Structure formats: C-alpha cells, structure tokens
Amino acid sequence: MDGETLAISGLEVAIPTRGGFLKAVRGVDLRVGKGETVALVGESGCGKTLTALSILSLVPKPAKITGGSIFLDGVDAGALDNNGLGALRGRGAGMVFQEPMTSLNPVFTVGFQLAEAVNPLGKMAKGEVRARSVELLREVGIPEPEKRLAAYPHELSGGLRQRVMIACAIAQNPPLVIADEPTTALDVTVEAQVMELFADLAQKRRISLLLITHDLGVVERYADRVYVMYSGLVVEEGSAESVFTKPAHPYTKGLLRSIPRRGEPLTPIRGTVPPLCGELSACPFAPRCDFVSKTCLEGVPQLLEGENGRKCRCVRGFADV
Ligand SMILES: Nc1ncnc2c1ncn2[C@@H]1O[C@H](COP(=O)(O)OP(=O)(O)O)[C@@H](O)[C@H]1O
Ligand SMILES: [Mg+2]
C-alpha cells in the first residue's frame, strides 16, 4: 500500500428492499495516492455517496457493505472495532458534505463543534483547544476567527459554514479528506473560493482529496485523476486530462457533451438510469447508448486497461481514443 492513502478493492454495498437486494455499489476499485486529488463523478443515484461513506463505515442502515476491502493509510478499515473506527474518523479521514447546515449542529456554536473535532477525547486544556480552533479557522480563510467561535451556524453564510466544516475535517490532520458535493449548495463565486481552499490545503498539507462532484468543470480544473461511475460500477478511469480530452466510454462522452458551453445548447443523455435490483445481465448503459451492439447485452463488460492507467468498461474498449 506504499504511497497510497486510500485503496478500495471490490467494494459492494447492498440495500434490502421488498423487491430484493438493491446493489448500489457493485465491486468498486478505487485508489487515491498521497497528495492526490481524485474525483468521483456520475449521475445522481449511481453509488458515489455510499462509496464515500463506506470508507469510514458510515453507511446508513439498512444499507450494508457486503463485500470488498478498504485500506486507509495502510490500515484495514474493515478489521477495526468501534474504538478503532472512532479514531479513524478523526485521524484517518475528514468528511465534508454538501449542505453544512445538516452536518453542523444548529444548536451549538462554531467553537463548540470545532472543539469536538480538535479535542475528541477531551484531554487538551481549554486554552489550547481555543488557540488551535482559532488557528484552524484562520487556515481555512475565515476572517475574525476569535469572534466566529461564538457564532451559531445560521449566523454564517453558506460559504463560511462550508469553511467551518473543512476546518473540522482537517482538525486531526488526516491524510485524506472526503468531500461529497462540497460546493453544490453554493453559488458559483463562492464555489470557486471553496475549491481554491481545497486545492491550497491539498498542496500545503499534502492532503489527499476524494472529491465527489457532478460539476465536470471542477473536475477538469482540480482533479489529478477521475473515476466515472454508472449504476454502481466504475465505467471509466484515468487522468482527468486524458479522460476529458479523449473520453472512451460512451457514458463519459455523454457526460462531457452535457456540460453547457457558452452559446451551445445542453445535450442531455437520453433515457434514465436503470433500476439497481438484482444482478446485471448486460451493460447497464446499453439502453441509453449510441453504440449499442449485440455483445453489450450478453453480459457486463470487463473494465479494460488502456494506456497510461486508463480503464474503460465497454466492449468497444478504446476504439475512439
Ligand atoms: N439509506 C438508503 N435506503 C435506501 N436506498 C438508498 C439509501 N441510500 C442510498 N440508497 C440508494 O442507493 C443508490 C445509490 O445512492 P448514493 O450512493 O446516494 O448515490 P449518489 O451519491 O451517486 O447520488 C441510489 O439508488 C439510492 O436511492
Ligand atoms: Mg450523493
């Protein structure tokens, strides 16, 4: 696992439903190197959040991890007891979610919540916790940090709330930060500022970042590598640059076409994501694919390896690359 902050292998997450097991994550392999920013993209419902929550065993019931392994900074997360998991959640990885109002508790001050993150075991002296909290708020670019400690989440703007979340996430200096749609609730200028902050932290602290987003502009600009998910499967991976300039999978091509560019109409991918229950007997993208052939319906395509770490789960392989 040398040089790797996160190594997910064969991850499966299932949710029992009346219609059978909904397989939300179907054998995902995902790696994040030290200091690397990796993006995970794909339409809503493809399994991104459950993949992220699995890393810290935070998958909400009734969903359940049913297979695979997760190593975080060399530690086998699946083998930890509750104490070990508790430590991993602070020191192993910090998490930042979409809407900080739901992850920051509205009834506690910023200072109180930051203190929990800075001093989870309650062993540090009060003055030390305060000093460290102020230092963290300053590091994430919050003006007048001493004053902000007494503020309640609703008294801050969305952008500042998100900065507080980021301060909490990095409080224990974890090697990995997992950010799930961290800027979706923010407007464009604030989004850019928050992304610049992530990029800054990644560089200065050598933090690895797993960035879940549906904003391909953000991926293109900030990610080193990208994984594209569809129906619980990774369908394409590679350096952000190569995937963006030469997408191999028809789904990735469709996603890139759906980015609105100035003066161009948006081209949505036709059709919708198929239901996730039971085993797949064909390529899940086949019903929406412009290149569909008989082979696509004969089984789930393998994730084929191309050049320079590129992978693509399509029977056409890298035909157009
Ligand atoms: N707690 C849950 N109960 C039932 N279904 C869930 C639950 N969490 C997620 N799902 C389903 O699992 C699939 C993947 O969800 P999720 O990982 O949240 O997708 P994404 O983050 O890519 O939008 C979706 O079909 C979603 O409806
Ligand atoms: Mg999600």
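The values are calculated or read from the model by the stated rules, or taken from the named source; none is laboratory data. No experiment lies behind these values; they were computed from the predicted model shown. Cβ sites come from the backbone with ideal geometry, for glycine too, and all protein chains shown count toward neighbours.
So, in segment 39-70, how many residues would count as being more than 16 Å from ligand 2 (Cβ to nearest atom) and within 16 Å of the chain's Cα centre (by Cα)?
2
For segment 111-131, which positions are of a type outside the set (S, T, N, Q), part of a helix (DSSP H, G or I) and under 27 Å from the mean Cα position of the chain (by Cα)?
G111, F112, L114, A115, E116, A117, V118
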Problem - Subset of segment 173-187 [within 13 Å of ligand 2 (Cβ to nearest atom) and assigned to a strand (DSSP E or B)] - result: I178, A179, D180
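Looking at A169, A192, which is the one that is under 26 Å from A240 (Cα atoms), in contact with a Gly (Cβ under 6 Å, 6 or more places away or on another chain) and away from ligand 1 (no atom under 16 Å from the Cβ)?
On the way: A192 fails: in contact with a Gly (Cβ under 6 Å, 6 or more places away or on another chain).
Going through A169, A192 in turn, the sole match is A169.
Give me a count of the residues in segment 27-37 that are within 16 Å of ligand 2 (Cβ to nearest atom) and surrounded by 23 or more Cβ atoms within 10 Å (Cβ to Cβ). First the steps, then the outcome.
We begin by selecting, within segment 27-37, every residue within 16 Å of ligand 2 (Cβ to nearest atom); these are 28, 30.
Subset that is surrounded by 23 or more Cβ atoms within 10 Å (Cβ to Cβ): 28.
Adding up the residues that qualify gives 1.
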Exercise for the section: For G3, state whether it is at pLDDT 95 or above, in contact with a Gly (Cβ under 8 Å, 6 or more places away or on another chain) and either acidic (D, E) or surrounded by fewer than 22 Cβ atoms within 10 Å (Cβ to Cβ) (or both). Expected result: no
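For V75, state whether it is within 16 Å of ligand 2 (Cβ to nearest atom) and within 23 Å of V177 (Cβ to Cβ). Outline the logic, then answer.
Working: within 16 Å of ligand 2 (Cβ to nearest atom): no; within 23 Å of V177 (Cβ to Cβ): yes.
Here the answer is no, as V75 does not meet what is asked.
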Exercise for the section: Starting from segment 44-72, take each residue that is assigned to a helix (DSSP H, G or I) and list its partners that are modelled with pLDDT under 95 and away from ligand 1 (no atom under 13 Å from the Cβ), counting only C-beta distances under 7 angstrom and pairs at least six apart or across chains. Expected result: I55/A77; I55/A93
Exercise for the section: Determine whether segment 156-171 contains at least one residue that is modelled with pLDDT of 95 or more, more than 23 Å from D200 (Cα to Cα) and assigned to a helix (DSSP H, G or I). Expected result: no
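Can you find a residue in segment 73-85 that is among the polar types (S, T, N, Q), surrounded by fewer than 19 Cβ atoms within 10 Å (Cβ to Cβ) and either closer than 24 Å to T213 by Cα or within 14 Å of ligand 1 (Cβ to nearest atom) (or both)?
We begin by selecting, within segment 73-85, every residue among the polar types (S, T, N, Q); these are 82-83.
Now narrow it down to the ones that are surrounded by fewer than 19 Cβ atoms within 10 Å (Cβ to Cβ): 82-83.
Add one more test, that the residue is either closer than 24 Å to T213 by Cα or within 14 Å of ligand 1 (Cβ to nearest atom) (or both), and what stays is none.
No, the conditions are met nowhere in segment 73-85.
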Problem - For Y227: the one exception among (1) touching a residue at least 12 places away in the same chain (Cβ under 8 Å); (2) away from ligand 2 (no atom under 16 Å from the Cβ) - result: (2)
Practice task
Give segment 184-211 a look and list any residue that's of a type in the set (S, T, N, Q) and either surrounded by 18 or more Cβ atoms within 10 Å (Cβ to Cβ) or more than 17 Å from R225 (Cβ to Cβ) (or both), or say none.
Solution key: T184, T189, Q193, S208
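Looking at A248, A150, can you tell me which residue is more than 16 Å from ligand 1 (Cβ to nearest atom) and surrounded by 15 or more Cβ atoms within 10 Å (Cβ to Cβ)? Walk me through how you get there before you give the answer.
Numbers: A150 fails: surrounded by 15 or more Cβ atoms within 10 Å (Cβ to Cβ).
None of the others qualify; the one that does is A248.
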